[in-house]
Amino acid sequence: MRLRLPLTILAGSALLAGCGTRPPARPEAPPAPAAVSTAQMAEANLAPASASLVSGRVALVPEAGGVHITGVIGGLPRGRQAAFHVHEKGDCSAVDAASAGGHFNPAAQPHGRAGSGAHHAGDMDNLQANADGVVHVDVHLRGVTLGGGAANDIAGRALVVHADADDYHSQPAGNAGARVACGVIRVTR
């Protein structure tokens with residue numbers, strides 16, 4: 001038995017089949033923000049976390065290839081090293097600063113030492129406290145921007161001081177111990 005379809009149904013089927021071979025047009029995605037700093041300066045007021053007495057204030061200024069961080073942090077164990085990192089979230093509300101999330105790592109790299117192979121964008125060298133438990137911070141953080149919204153932008157993220165030195169190889173955070181101070185990076189101009 002042979003089915004006879006009206007010519008209009010066959011013609012309509014052919015038209016629909018032809019339309020289905022081309023994917024629908026997608027709107028173009030907006031361009032990614034440029035990886036350049038748009039802010040001129042930022043600051044972070046580091047408040048104690050994990051029942052420590054560590055606190056301080058740092059200023060952040062864009063420079064060629066990164067951001068320069070300067071300031072003073074006190075209340076650290078005398079003569080000891082402490083890890084210092086940029087963390088992914090600008091939230092220091094938890095008593096142990098866990099709300100700041102993990103290390104800032106937009107390129108999904110393993111933890112390591114800045115300037116020595118693969119590392120998180122937020123990895124920095126350990127701070128060295130003096131005999132009074134004070135650190136005069138002078139860090140050049142490479143490969144990040146300040147403001148502008150690029151993937152490597154640290155504005156609005158947190159700076160965290162840890163209780164122990166970073167060993168630069170343990171994953172995911174260098175076995176740096178408790179978070180003893182935290183401050184959100186806030187653009188000031």
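The values are calculated or read from the model by the stated rules, or taken from the named source; none is laboratory data. Since this is a predicted model, take the numbers as computed values, not measurements. Positions of Cβ are backbone-derived with ideal geometry, glycine not excepted, and every protein chain shown enters the neighbour counts.
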Selection count, the range 138-172, where residues are in contact with a Ser or Thr (Cβ under 6 Å, 6 or more places away or on another chain) and over 20 Å from A118 (Cβ atoms): 5
Subset of the range 140-189 (residues that are assigned to a strand (DSSP E or B) and more than 19 Å from Q81 (Cβ to Cβ)): R142, T145, D153, A158, G183, V184, R186, V187
Pair list, Cβ < 9 Å and 6+ apart or interchain, from the range 33-45 residues that are under 13 Å from L60 (Cα atoms) to residues that are of a type in the set (V, I, T) and at pLDDT below 95: none
Among the candidates D123, D153, residue that is farther than 17 Å from G56 by Cα, modelled with pLDDT of 95 or more and surrounded by 16 or more Cβ atoms within 10 Å (Cβ to Cβ): D153
Of all residues in the range 133-150 being hydrophobic (A, V, I, L, M, F, W, C) and farther than 15 Å from G90 by Cβ, the one that is surrounded by the most Cβ atoms within 10 Å (Cβ to Cβ): L141
Elements of type strands (runs of 3 or more DSSP E) contained in the range 49-121, each with 2 or more residues being more than 12 Å from the chain's Cα centre (by Cα) and either under 14 Å from I185 (Cβ atoms) or without any contact (Cβ under 8 Å) to a residue 60 or more places away in the chain (or both): 55-63, 66-74
Matching residues in the range 122-139 - criterion: being among the β-branched types (V, I, T) and part of a strand (DSSP E or B): V135, V137, V139
Selection count, the range 149-168, where residues are farther than 21 Å from T70 by Cβ and touching a Pro at 6+ places or on another chain (Cβ under 9 Å): 4
Check on N130, modelled with pLDDT of 95 or more, of a type outside the set (K, R) and over 20 Å from V67 (Cβ atoms): yes
